[in-house]
Amino acid sequence: MAQKTSCISELQCERSRFKPELPEVLKKGVAFVKAVKGKPTQSVADQVKVRELFKNTYGLPIVKFKKGANPAAKKKIINVAVVLSGGQAPGGHNVIAGLFDGLKQANKKNELIGYLGGPSGILKKSFKKIDEKVLAQYRNTGGFDYIQSGRTKIESVEQFCSTKDNLDVCNVNALVVVGGDDSNTNAAMIAEYLKQENVDKCVIGVPKTIDGDLKNKYIETSFGFDTATKIYAELVGNICRDAISAQKYWHFVRLMGRSASHITLEVGFKTQPNIVLIGEEILAKKMTLSKVVDSIVEVIIKRSQDGKNFGICLVPEGLIEFIPEMKELIAALNDILADNADKFTELSSMEEKKNFVCSKLSNKLSDLMCSLPAGIASQLMSDRDPHGNVAVSMIETEKLLIEMIQKRLAELKKKDKYKGKFSSVTHFFGYEGRCGFPSNFDANYTYALGYNAAALILNGLTGYMSFVGNLLKAPKQWECGGIPITMMMNVERRNGKDKPVIQKALVDLNGKPFKEFVKMRDKWAVSESYVFPGPIQYFGPANVSGITTRTLQYEQSKKK
């Protein structure tokens, strides 16, 4: 495994001195926290199917913490394991630190181990003991490099059985899974299996994803979203400054966020570019790919009429999947390739593969497939994610848009309806945001999530996700507790089969953030309202270093 080097930056030295502030309810330690249970819950959708799949953990109550003695927490000695699952997000190390500190505060003899390389570490019994001296080097840093991450799914009966046996071998009393919707679904399935087998072990999830699509009334935001959007906003702001300096390029920036446009919307708020495409709106309006291109071309022409042949367009990574005709095509491709995997693999050339796929598609979808640029068609057929679905994140949507825009503008030029110039530059900002030093907000939030997970464990709870709420307030005013993971579930089509999974939270077109965006975008389109956020601020006045996302501010604003 990768080891921390002795070379550290000046910033890392300063960040090592940062002390996250705990919510008031946790400040005396997890041995002085009691769980108050609410009413039974149900899944957000597909209640009958989800209940059937989670017979032992469905319908658990929401839990909120209040101050109160929990004597058993001090007496009991436990061993806890933590695993980082899925893509990186700023603040993961602070989850580990909060969990470690919470356990040690309750009883110095409590131990924490970290499974290495994600869930595969559980199956391989590959782990390391979390050491206080080594952990000190990772506090308030980015990345997942202390124990690393992975995308292995634990889903077969054999894997569940192996997980149970290996937890026993390591004498683990509780497992904490830090991850996104798929990873926390996995946590819920492990919790259900252990309950089914009458194994007395806790499984707790922690909400992690920079995409911002793991949230609800209680999970106000997933950790890493704040930091990642600040990093992307700095980069986009720099490009905005370059655009008005050179005044000769249209910059198309694709941003991470396959299944939701939260990142794109938040970076839009922070930088105010000319065009911000929101996938959820495109889906709701049932816009075709051609209509999306038309909407962009309209802005390009308006700006060119004012002599402005430059601008900025933000494109969400998953845009192509929000266009109804493309969404239908992708769903059909997923099923065709799942049902004909062997036959498809035997075909050698891309042309043969395309002809084979088109022969299985309806006439409408076959025509659409044939109309796509060769590179995009190839990516739709070749790149698959771990679930067997099209790897949308690999599709260079911004280049597809530019190719179609150029064609449309050329047609308009022939008709003397466009006299401007169009030169484009493309960017993809993804990995740049996943491992940055966590912002003050994320450093506090992740530490509290980990500490809170320790409280859930020492209250004997399983199948829960750690939640910390009231996030617009100062950390000492944050609320803590747990929500049943099954409460967030629905059933989705994966690899040709129905699977339980936490329902992704999309941009709410009736929500305050989107409505505020709609009020401003027409002005952004024709003017240079650009904002230049600069780097994340760790130190300084609270209105700079302590500010959180615009999304949260709008969502929790009292104003209509």
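The values are calculated or read from the model by the stated rules, or taken from the named source; none is laboratory data. Everything quoted here is computed from the prediction, not taken from an experiment. Here Cβ is always computed from backbone atoms with ideal geometry, including for glycine, and neighbour counts include all displayed protein chains. Remember, those area values only see protein heavy atoms, side chains included, never the ligands or the DNA or RNA. Shrake-Rupley method; radii C 1.70, N 1.55, O 1.52, S 1.80 Å.
Here are the numbers for the structure shown:
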| item | result |
| --- | --- |
| If the convex hull is drawn through the Cα atoms of the stretch 366-518, its volume per residue in Å³ | 227 Å³ |
| For the stretch 521-560: accessible area per residue (Å², 1.4 Å) | 64 Å² |
| Paramagnetic reach from Ile77 (point 7 Å along Cα→Cβ, amide N under 18 Å) across the stretch 106-140 | 106-113, 129-132 |
| Accessible area in square angstrom per residue, the stretch 215-347, 1.4 angstrom probe | 33 Å² |
| The chain, accessible surface, carbon-and-sulfur percent (1.4 angstrom probe) | 50 percent |
| Potential lengthening between Leu509 and Lys133 on full extension [0.36 nm per residue; Cα-Cα distance subtracted] | 130.6 nm |
| Nearby aspartates and glutamates by direct alpha-carbon distance to Lys37 (threshold 18 angstrom, same-chain neighbours under 8 apart not counted) | Glu479 |
| Among beta bridges that DSSP assigns inside the chain, antiparallel share in %, nearest 5 | 40 percent |
| Distance between modelled label sites at Tyr431 and Arg51, nm, 7 Å Cα→Cβ extension | 4.7 nm |
| Computed E for Ala391/Ala69 - FRET, C-beta separation, R0 35 angstrom, nearest 0.05 | 0.10 |
| The stretch 349-444: C-alpha gyration tensor shape, a/c 1.5 cut-off, then a/b vs b/c | oblate |
| Whole-Hz couplings from phi, Karplus 6.51/-1.76/1.60, listed for the stretch 400-412; x for Gly and Pro | 4, 4, 4, 4, 6, 5, 4, 5, 5, 5, 5, 5, 5 |
| Aspartates and glutamates whose Cα lies under 14 Å from that of Lys164, excluding same-chain neighbours fewer than 8 positions away | Glu155, Glu192, Glu197, Asp200 |
| Average accessible area per residue (Å²) across the stretch 169-214 - probe 1.4 Å, nucleic acids and ligands excluded | 26 Å² |
